[in-house]
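First comes the structure, then the notes that go with it.
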Amino acid sequence: MKEAGGKLKNIAVFASGRGSNFFAILQEVKKGKIKGRICCVVSDRHNPPVFELAKREGIPTHWVCRKQFKTGDDYVGALIELLESYKIDLVVLAGYLKLIPAPVVSRYRNSIINIHPALLPNFGGKGYYGMKVHKAVIESGVKLTGVTVHFVDERYDNGPIILQKPIEVLPDDTPETLAERVLKVEHEVYPEVVKAFCEDKLLVEGRKVIWKE
C-alpha cells in the first residue's frame, strides 16, 4: 500500500489499558491524515481492553511480558523479533506501564515515543503514572500542568521532548476532573506527533527535537 507522499510507516502500539490514545491515533490513520499503518498492538497484560478495540479493527494483538520468559535476554529477543516481523518503523507507547528494555530502546533509538500527562521533567519518572500524576500536580499547588510527548530512552520519562501543551490547573480541580481535561489534549497532540514522525519531520539533535517544515 503506497501513498503519493511515499511509503507508509509501520506502527506498533504498546498499551496496558483501555487504549484511548490508540483509538485517537487510529481514527487519524483511517482518515488518511497519518502516513502510516498500525500493524499490531502489544501489551504486557493478557487481555486488556485495548485488545478488544484492536480486534474489532482487524489489528493483530500480542501479549508479551517478562514473566513468560526464563531470562531477560529471551524477553528482549522476543520483543525485537516481534517488531522486526512487522518491519516496524515507529513504536507508540499509549498507556504502557512497563519500562522498555534498554536493548530495544537502542535498536529503535528515536523511533519510540511516549505521552505523559504532565509537563516534563516535572511530575515524571518511576511511579508517576495515571491518577498519581494529577494528584501530585494538585497537591503541589502549581498553576499549570499539561501534556508532554517525548522520545523514549533508557529511563522513565527522560527522552528528548517532542511537543508540550500546557493546561491550567483550576482552583476546584480534583485529580479526576484534571485527568479528563488532560486526556482530551492527549487525544489532540499525540496524533499530531505521529503524523509528523511519519512525514519525517522530526529531527533529533542531542536533547533537542526540531520540527522540520
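What follows is calculated from the coordinates using simple rules that are stated; it is not laboratory data. Quantities reported herein were computed from a predicted structural model and do not represent experimental measurements. Glycine gets a Cβ as well: all are built from the backbone with ideal geometry, and neighbour counts include every protein chain shown.
Of 143/195; 98/212; 35/87, which sit over 23 Å apart, Cα to Cα?
Details: 143/195 30 Å; 98/212 31 Å; 35/87 15 Å.
Result: 143/195; 98/212 exceed 23 Å.
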Taking Lys and Arg as +1 and Asp and Glu as -1, residues besides residue 45 with C-beta under 13 Å from its C-beta add up to +2
Taking a straight Cα-to-Cα line shorter than 15 Å from residue 201, and setting aside same-chain aspartates and glutamates fewer than 8 residues away, one finds 89, 192, 213
Nearest 10, in degrees from 0 to 90: the angle of helix 175-198 to the longest Cα principal axis of the chain is 40
Here the net charge surrounding residue 111, from other residues whose Cβ is less than 10 Å away from its Cβ (Lys, Arg +1; Asp, Glu -1), is +2
Protection proxy (average C-beta count within 10 Å per residue), highest first, orders 73-81, 146-154, 131-139, 33-41 as 146-154, 33-41, 131-139, 73-81
Among region 7-27, those whose backbone N falls under 14 Å of a label point 7 Å along Cα→Cβ from residue 65 are 15-17
At R0 = 25 Å the Cβ-Cβ FRET efficiency linking residue 45 and residue 106, nearest 0.05, sits at 0.50
Per the chain, sqrt(5λ) over the Cα gyration tensor eigenvalues, sorted largest first, in Å, gives 26, 20, 18
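Using r as the Cβ-Cβ distance of residue 31 and residue 87, and R0 as 22 Å, what FRET efficiency do you calculate, to the nearest 0.05? Could you put the intermediate results ahead of the total?
Working: r = 23 Å, r/R0 = 1.06.
My answer for the efficiency is 0.40.
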